[in-house]
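Below you'll find the structure, written out as structure tokens, and then a few comments.
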Amino acid sequence: MYWTIIILSILLGFAPFVLGFSGIGAALWNSLILGIALLVTGIVKWYKAAFVLGVWVFVAPFILGYSSNPGALWTSLVIGAVIAVWTGIKWFGAKTPQSAVAH
């Protein structure tokens, strides 16, 4: 799973230049900073931090005001959702149910 985070973080970092939204400051810096942060979380396998960052990537276009640019919007929505869902499954799905105590 960490390879997925690493690959998606690299895609997020390059997306502004490839998809043409590098002229939108908030989208550019959010993609670059979060791309680097997610790369680190993927390398060191910090799934909880990656989950939080994935959620931020997903909501950032609406909070930072660049949701009117389709490239920036869809990049954030898709990459943020995939990272949040996958790391959320790893984080929340990793818990084992407690055994019932016999009386």
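Where a number appears in this text, it was derived from the coordinates with a stated rule and is not lab data. On a predicted model such as this, the values are computed, not experimentally measured, just so you know.
Per-residue extension of 0.36 nm, minus the Cα-Cα distance of Ala81 and Ile6, leaves a gain of 25.5 nm for this segment.
For every helix of n ≥ 4 consecutive DSSP H residues, a contribution of -39,500 (n - 2.57) applies; sum these over the chain, divide by its total residues, and give [θ] at 222 nm rounded to the nearest 500 deg cm²/dmol. All intermediate terms of the calculation are to be shown ahead of the outcome.
Working: 4 runs with 79 residues, N = 103.
Calculated from helices alone, the mean residue ellipticity at 222 nm is -26500 deg cm²/dmol.
Which whole-number percentage describes the relative contact order of region 2-93, with Cα contacts under 8 Å and a sequence gap of 6 or more? Present the calculation step by step, with values, prior to reporting the outcome.
Numbers: 127 pairs, mean separation 29.6, N = 92.
Computed value for region 2-93: 32 percent relative contact order.
Kindly identify the chain as rounded, prolate or oblate by the Cα gyration tensor criterion: order the square roots of the eigenvalues as a ≥ b ≥ c, call it rounded if a/c is under 1.5, otherwise compare a/b with b/c, prolate if a/b is larger, else oblate. Judged from the Cα gyration tensor, the chain comes out prolate (a/c at least 1.5, a/b above b/c).
Can you list the DSSP H helices in the chain whose Cα atoms extend at least 27 Å along the helix axis and whose mean Kyte-Doolittle hydropathy is -1.0 or higher?
Working: long enough: 25-44 (29 Å, 1.96); 70-93 (33 Å, 1.25).
Span-like helices here: 25-44, 70-93.
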